[in-house]
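Presented below is the structure to which this report refers.
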Amino acid sequence: MGRSMVKTKVQSRALAVRAVRQKLLLLALLLLGALALSLPALADERPRSFADIAEVLAPAVVNITTEQKIAPEEDEDVPGGLPFADQFRQFLDRQPSPRQIISQGTGFVIDPEGLVVTNHHVIDGASEITVNLTDGRKLKAKVIGADAKTDIALLKVSPNKALPYVELGSSETARVGDWVIAIGNPFGLGGTVTAGIISARHRELGRGSPYADFIQTDASINQGNSGGPLFDLSGRVIGVNTAIYSPTGGSVGIGFAIPSEVVQEIVAELKDKGEVERGWLGVRVQDVTPEIASSLGLDSDKGALVAAVVEDSPADKAGLKVGDIILSFNDQPIDRMKDLPRVVGKTKVGARAPVVFVRDGDARSATVKVEKLEEEPAQIAQADVAPDKEETRTVYGLTLIELTDASRSKYRIDGGVRGVLVVDVAYDSPARDRVRPGDVIVEVGQREVFSPDSVVSQIEQNKQVSGGKPVLLLLSRQGTMTFVTVQDEG
C-alpha cells in the first residue's frame, strides 16, 4: 500500500473524529442552553407570595366554637351534728347549674349551601356548635354525621346567601416536597395562614389507623387548627389537619393531615347515610415478623397473622383459626397487618369475599360473608364506668387517674375525650417537658387505653418488646391531639 493511500485514510479518520467531536460539542451546548432556559422556569414556579391564593381561600375557612355542658358533681350530704350544718346544706343547695366548657377549632365549607367539614374530636360531645364566618356572621350548626375512626365530621349550617367554598383535591397526586398552605384558628386567634411543604406521606400513627394514613407537613399547625384545611397551590384541599407531634406542646414543624381521598369517601357516606358503614371480619391480627416467618418456614414476612378469632364472627363461620396468615382478602393483597382492616372495612356489608391464607405451611382459601362493623361494647362500657373511688397509678413519674365528671369539669375536658387523665408530673420525670397535668393519654404505643392500669401495662409491654426504645403516647391536650415520646433516662 502506497504512502499516499495510507495518508489519505489517516486524514479521513481524523476528519471523522473531528466531525464526531463537533457534533458532541454542539449537543453539549444545546443541553446547556436547554438547562439554562429551564432554570428560570423552575425558579418562576416557586411562589414569591401566598397572598393572592390566601385571599381567595380564607373566606371558605371557618372558626368553630363548641359549648359543652358538664353537670356538677353531686356532693355528699353534710353529716348531722356539725356546727352550722343547716347553713352548709343551704349553701350546697345553691350550687351553680351545669358548667359550660367552650372549645374552638377550625373547619371549611365544601358546598355553598352550607356543608362544613371538620374533625370529629372538635365537635364530639358538644351541646351547641357555632360556625363563625370571616365576614362576621355566626351560624348555628347541626351534625350531619361524624366518624371517630377517621376523625372526620360533617356539619350543616343554613346561610341566608351562598357561602364561599373550596373543593377537595387529590392527595394521591401530591408529592413530598410540594408546597402546601394551612389556614386555621390557632389558639383562638382567628384566620391564620401558614405555609410549608409535604414532608412525608403515608404516615402510620395509630390514630385513625388502619382506616387512614396521614400526610406529614412542616406548615405550622397548633392548638385550634384541628379540622382546618391543608391546601395545594391550586387551591384544592388535599388534607384535613388533625394532629401534631411535639415534645413541648407547641408547633415544632411536624403536623399531620388526613388525606383528601379518605375525606371524600367519609364525607360522601356521612352526607348520604349520616354514618360510615364498614365491613367486619372478626379477627385480631399482628404483623408477620421475619422471625415468625422463619419459624413457620415461610419465604417472606408478608401477610397478617391471626392472633384471635371472635366467636360466631364471619371469620369463625368461615373456618379461620388463630395462627393463620392471611395473604389476600377480596382479591386484594395483604402485605402488612394494617392492610387487612382497611380492605375489609371497604368491603360492602353482606358481600361474599374470598380469602387466601396459609395454615401449617399450606395455602388455603375460604369465602367470608362480611358483616357490619359495630362499636366494641366492652370498650365503651369500660370507658364510661366511673370508679367507686379515685385510685391512682404512677409510671414515668406521671400520676394517673380515670376520667370522671368531676375531673372533666376541673380540667375542662370534653365529654367525647376517652383515655386516662394525668394529674401530676414529677420534677424528675423523663416526661416532664412533654406531658402536663390535665393531659389525657389516649393511646400508648398506638393502642387505646381506658384505665391507669392499662397505661402502665402497655408501657411496660412496649418497653420489653422495643428493647428500651421510646414509647409513643397520643395525648389529648385542650382538644388537640398531640404525639409525644417518653423514654427512661440514664
May I ask you to verify whether Ser158 is part of a loop (DSSP other than H, G, I, E, B), closer than 14 Å to Pro229 by Cβ and touching a residue at least 12 places away in the same chain (Cβ under 8 Å)?
no
Any idea how many residues of segment 331-374 are surrounded by fewer than 19 Cβ atoms within 10 Å (Cβ to Cβ), over 26 Å from the mean Cα position of the chain (by Cα) and either more than 25 Å from Gly297 (Cα to Cα) or acidic (Asp, Glu) (or both)?
8
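For residues that are among the aromatic types (Phe, Trp, Tyr) and at pLDDT 85 or above, scanning just segment 207-235, find the one that is nearest to Glu275 (Cα to Cα). Talk me through it step by step, then tell me what you get.
Initial filter on segment 207-235 (among the aromatic types (Phe, Trp, Tyr)): 211, 214, 231.
Those still in the list that are at pLDDT 85 or above too: 214, 231.
Working: Phe214: 22, Phe231: 26 Å.
Looking at residues that are among the aromatic types (Phe, Trp, Tyr) and at pLDDT 85 or above, I get Phe214.
Is it the case that Arg342 is of a type in the set (Lys, Arg), out of contact with any strand residue (DSSP E or B) (no Cβ under 7 Å at 6 or more places or on another chain) and not in a strand (DSSP E or B)?
Working: of a type in the set (Lys, Arg): yes; out of contact with any strand residue (DSSP E or B) (no Cβ under 7 Å at 6 or more places or on another chain): yes; not in a strand (DSSP E or B): yes.
Yes: the conditions hold for Arg342.
Would you pick out the residues in segment 420-442 that are touching a residue at least 60 places away in the same chain (Cβ under 8 Å) and surrounded by 14 or more Cβ atoms within 10 Å (Cβ to Cβ)?
Filtering segment 420-442 for residues touching a residue at least 60 places away in the same chain (Cβ under 8 Å) gives 433-434, 436, 442.
Within segment 420-442, Arg434, Arg436, Val442 qualify.
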Among (1) touching a Ser or Thr at 6+ places or on another chain (Cβ under 7 Å); (2) farther than 20 Å from Glu391 by Cα; (3) surrounded by fewer than 21 Cβ atoms within 10 Å (Cβ to Cβ); (4) modelled with pLDDT of 85 or more, where does Leu475 come up short?
(3)
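Taking the conditions exactly as written (surrounded by 14 or more Cβ atoms within 10 Å (Cβ to Cβ), in contact (Cβ under 8 Å) with a residue 12 or more places away in the chain and out of contact with any Asp or Glu (no Cβ under 7 Å at 6 or more places or on another chain)), does Gly445 satisfy them or not? Can you show your working first?
Details: surrounded by 14 or more Cβ atoms within 10 Å (Cβ to Cβ): yes; in contact (Cβ under 8 Å) with a residue 12 or more places away in the chain: yes; out of contact with any Asp or Glu (no Cβ under 7 Å at 6 or more places or on another chain): yes.
It is true that Gly445 is surrounded by 14 or more Cβ atoms within 10 Å (Cβ to Cβ), in contact (Cβ under 8 Å) with a residue 12 or more places away in the chain and out of contact with any Asp or Glu (no Cβ under 7 Å at 6 or more places or on another chain).
Against the condition in a strand (DSSP E or B) and surrounded by 19 or more Cβ atoms within 10 Å (Cβ to Cβ), how does Val166 come out, does it pass?
Details: in a strand (DSSP E or B): no; surrounded by 19 or more Cβ atoms within 10 Å (Cβ to Cβ): yes.
Judged against the criteria, Val166 is not a match.
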Please go through segment 169-190 and give me each residue that is farther than 15 Å from Ala219 by Cβ and either exposed (fewer than 13 other Cβ atoms within 10 Å of the Cβ) or assigned by TED's automatic domain parsing to the domain that holds Ile258 (or both), ordered by number.
Glu172, Thr173, Arg175, Phe187, Gly188, Leu189, Gly190
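Going by the structure shown, is Ile244 over 21 Å from Pro112 (Cα atoms) and outside any helix (DSSP H, G or I)? Outline the logic, then answer.
Details: over 21 Å from Pro112 (Cα atoms): yes; outside any helix (DSSP H, G or I): yes.
Criteria met by Ile244.
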Consider segment 273-295. How many of its residues are part of a loop (DSSP other than H, G, I, E, B) and surrounded by 15 or more Cβ atoms within 10 Å (Cβ to Cβ)?
5
Just give me the residues in segment 236-260 being surrounded by fewer than 16 Cβ atoms within 10 Å (Cβ to Cβ), closer than 19 Å to Val180 by Cβ and either modelled with pLDDT of 95 or more or of a type outside the set (Val, Ile, Thr) (or both), in sequence order.
Gly253
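The values are calculated or read from the model by the stated rules, or taken from the named source; none is laboratory data. None of these values were measured; they are calculated from a predicted model. So basically every Cβ, Gly included, is an ideal-geometry build from the backbone, and we count neighbours across all protein chains shown.
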